[in-house]
Amino acid sequence: MNFRKSLYQVSLVTIMAISAVNTQAQGVVPAQKGDKTFTLEDLNFGGNNYRNMVAKNRWCTWWGDQLVRQDVDACYLVNKTNGKETKLFGINDINQWIAPTKDVKVRALYNARFPFAGKSIVMVSNGSKTYTVDFRQHRLISELEFQEGENLLEANTQQNAFAYLKGSNLYVRTFNAAPENAMTKEKKSHDFQLSADGSREIVYGQSVHRDEFGISKGTFWSPNGERLAFYRMDQSMVTDYPQVNIPEIGFDHPETQSCIATPAPDKYPMAGETSHQVTVGVFDCLTGKTIYLKAGDPTDRYFTNIAWSPDSKTVYMFEVNRDQNDSRLTAYDAETGEKTGELYRETDEKYVEPLHPIMFLPWDSNRFIMQSRKDGYNHLYLCTLGKHGSRMASNTESLDIRQLTSGKWEVMEVLGFNSKRKSIIIASNECSPIQRNIFLVDTQTGKRTMMDDCGKGWHNATLSESGQFVYDNYSTPDVPRKIAIVNTENGKRTAYFTAENPWKGYNVPEYSCGTVKAADGETDLYWRMVKPTNFDPAKKYPTIIYVYGGPHAHNVDARWNYSSRGWETYMAEKGYLLFILDNRGSENRGKAFEQATFRQLGQIEMQDQMKGVEYLKTLPYVDADRIGVHGWSFGGFMTISLMTNYPEVFKVGVAGGPVIDWHWYEVMYGERYMDTPQTNPEGYKKTSLLYQAKNLKGKLQIIQGLNDVTVVPQHCLTFLKACIAAGTQPDFFVYPGEPHNMRGHQSTHLHERISQYFFDYLK
């Protein structure tokens, strides 16, 4: 996320050119010699030793402008000027304050929260109970327990209220509301039932539209904590996909236990098919009443990025048509549900994709920040409501819009605000497409000031309540992890934590990064390379291209070892060269870069990947007769696409959870990038891998989670049918009970299988 100086201005990173066809070297992390070797138990996230092989971290949270480190057995106050820690309390203290017994109520403090600046209140949980404790007065304030079948959705610290599911219905549990925070008042709880028709088909309070459009949850508390906006999704009209649960039967299972597989249907709206209908409700905790926003017929519409006005009287959201080429920011009265205005409208000949709710300036209730790609890159726009304030007019002229940031780079995240400096703190890739740096943006001038620790690498940061301090957690290609505390008022940086290299003493390969021109001859594409351990430039090595290539993802950035995956290091240890390239269509490079693949997924991506192959063939140590490819999900689609469109190039491939035909992918994602099968039949046919099954020549293994609800098994199973009909011979392996990605130690088993396939056929 971020970058540096003592309040210094942006400077672009220079890139060193090297002698290779149309390529540039971004940098090299040299190989390390050591006595120890890696195993998949070390390098795979499901491995038994993986936790010891990642850079150590410090888990911290903000308590207003105070920084607190959360550990297993204690919480510590961090001095922001020197990084020294003072113990606030220990886990034994917490358990005694909850109830003076020998019973253990809480086993770890990693999830401790400090919701009120200046108040010595901490909230801790053990999974079933949430305790609110005053750690200075050493007493329990409240205890909230959820019974079996009750699932917490979102807590409201303003009023000490909780939105939760009981079965399939939505409830709100509150303590007696009062003008002051309810934690200081009577602790009697009240339960409100907001729905009665919840079911598998009628879903309340959960993420909708299959988590597209930036949606990650289904409940939204108002700033004063008195109202709750929530999603209601009717998916009764959506066709069931016939998933199946296969029981795990042990050798000692009772005779009364059924061995029969059971149906587990999933509501899956495929491209061109009937989709679900979403509405938005608003519950008032003080009146106990629920209203629904009068947004009109929800058929073939998407409601997303819900936000509240500072006075908690207005709900804002973006409304998108099914074609996803028309987005409108609308306002609704939270008391009546009436539409009070359409503030902004954005259209695009391909698609427009709102991903972020508006954010009001803390110092001005009539102005908010909106993010948009309307100029080609995701930037900030400062919006001012009309003279009537929060009372919307019925046309877009009621909103004054001024572009605040601009340039051929993307705002990646808005971290928050600094009211004193009237500024916004953002993460962006202005310094380099593969970096993420932190900047302070002045709302009056648009001037940007670097606010991270070093100006290099990839920065993930959190902001204190006032915006005065940035907690900057970052890595660079040769630094596993550093954490600094940055004062946004004076630019002072305090070193807090530096992780040791967890791979010290191991034999580690070289990691490098560079660029190659895309198939258009103009666009720079970033790649990383992992050379074999104990690399000998006189040898020729088998080479594996790891690929993803789809939207909203990238593989190459300026994190430790250029974000190389553990499996790549493992394969380098086994004598393979790994090459990874971010083609057009991937994220963080602007609208034109992403939309180049519109209505023809996989085509432009393959052209760009082949430019990477061309570069590899110029390297004397790459064996052009031994090139393999591997990817998962969109990367699985790319793997089979490359194997069947360039059968003379790729000798071996492993495709996991692959999309085969975009007909069978979900409405929201699929139609955004491909339009519907009805309006783009030639595109769907051109990109379908069913027609390419006859071209398979190399060794291809397809791997699938049997209970994949993202890329349903119909994809790979139909491809197998096409291969049978064409007389081609892929291999196939399935993980029963597993979703789109293998969980836990099964991931290690998966990567053993992937590796062995290359060991067997790409020697």
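No lab work stands behind these numbers, since they all come straight from the coordinates. The shown structure was predicted, so the numbers you read here are calculated from the model rather than taken from an experiment. Virtual Cβ from ideal backbone geometry, glycine too; neighbours counted across all protein chains shown.
Numbers at a glance
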{"read-out": "Test item: Cα-centred dipole of segment 467-611, Lys/Arg +1 and Asp/Glu -1 on Cβ, debye", "value": "200"}
{"read-out": "Relative packing of 338-345, 737-744, 101-108, which averages over residues the other C-beta atoms within 10 Å, highest first", "value": "338-345, 737-744, 101-108"}
{"read-out": "Sparse-neighbourhood loop sites, chymotrypsin sites (Phe, Trp or Tyr not before Pro) in segment 585-673 - DSSP loop, at most 16 other Cβ within 10 angstrom", "value": "Tyr621"}
{"read-out": "Inter-part distance where segment 311-363 and segment 104-162 are each reduced to a Cα centre, Å", "value": "34"}
{"read-out": "Loop-located chymotrypsin sites (Phe, Trp or Tyr not before Pro) in segment 210-318, at most 13 other Cβ atoms within 10 Å (DSSP)", "value": "Phe251"}
{"read-out": "Cα gyration tensor category, rounded, prolate or oblate, for the chain with a/c compared to 1.5", "value": "rounded"}
{"read-out": "Volume of the Cα convex hull of segment 490-559, divided per residue and given in Å³", "value": "215"}
{"read-out": "Positive-end extreme of charge dipole, segment 293-375 - chosen from Ser372, Phe303, Asn321 (charges on Cβ)", "value": "Ser372"}
{"read-out": "Crossing angle, helix 603-617 versus the chain [Cα axis fit, 0-90 degrees, rounded to tens]", "value": "50"}
{"read-out": "Expected 222 nm ellipticity per residue - DSSP helices of 4 or more, -39500 (n - 2.57), all of the chain, to 500", "value": "-3500 deg cm²/dmol"}
{"read-out": "Pairwise FRET efficiency - Phe732 versus Gln756, Cβ, R0 = 22 Å, nearest 0.05", "value": "0.90"}
{"read-out": "Rounded tilt (10° steps) of 746-761 against the dominant C-alpha axis of the chain", "value": "20"}
{"read-out": "Efficiency of FRET from Cβ geometry, Asp625 and Lys119, R₀ 60 Å, rounded to 0.05", "value": "0.30"}
{"read-out": "Cα gyration tensor shape of segment 514-616, rounded if a/c is under 1.5, else prolate or oblate by comparing a/b with b/c", "value": "prolate"}
{"read-out": "Highest to lowest packing among 487-495, 429-437, scored as the average C-beta count within 10 Å", "value": "429-437, 487-495"}
{"read-out": "Nonlocal amide H pairs with Phe89, under 5 Å, H built at 1.01 Å", "value": "Cys75"}
{"read-out": "Cleavage-rule hits (GluC sites (Glu not before Pro)) in segment 99-176: DSSP loop, at most 14 neighbouring Cβ within 10 angstrom", "value": "Glu148"}
{"read-out": "For Gln243, residues with placed amide H under 5 Å, excluding near neighbours", "value": "Ala264, Asp266"}
{"read-out": "Too-long pairs where the Cα-Cα distance tops 24 Å, listed order kept, from Lys374/Lys408; Lys539/Lys574; Lys313/Lys374; Lys289/Lys313; Lys289/Lys339; Lys540/Lys694", "value": "Lys313/Lys374; Lys540/Lys694"}
{"read-out": "Bins of 10 Å from zero: percent of alpha-carbon pairs in segment 307-459", "value": "11, 38, 34, 15, 2, 0"}
{"read-out": "Local electrostatic count at Val649 - Lys and Arg +1, Asp and Glu -1, tallied over other residues with Cβ under 13 Å", "value": "+1"}
{"read-out": "Euclidean distance of C-alpha centroids, segment 658-722 and segment 465-543, integer Å", "value": "34"}
{"read-out": "Extreme residue, positive dipole direction of the chain, given options Thr340, Asn473, Tyr669 (C-beta unit charges)", "value": "Asn473"}
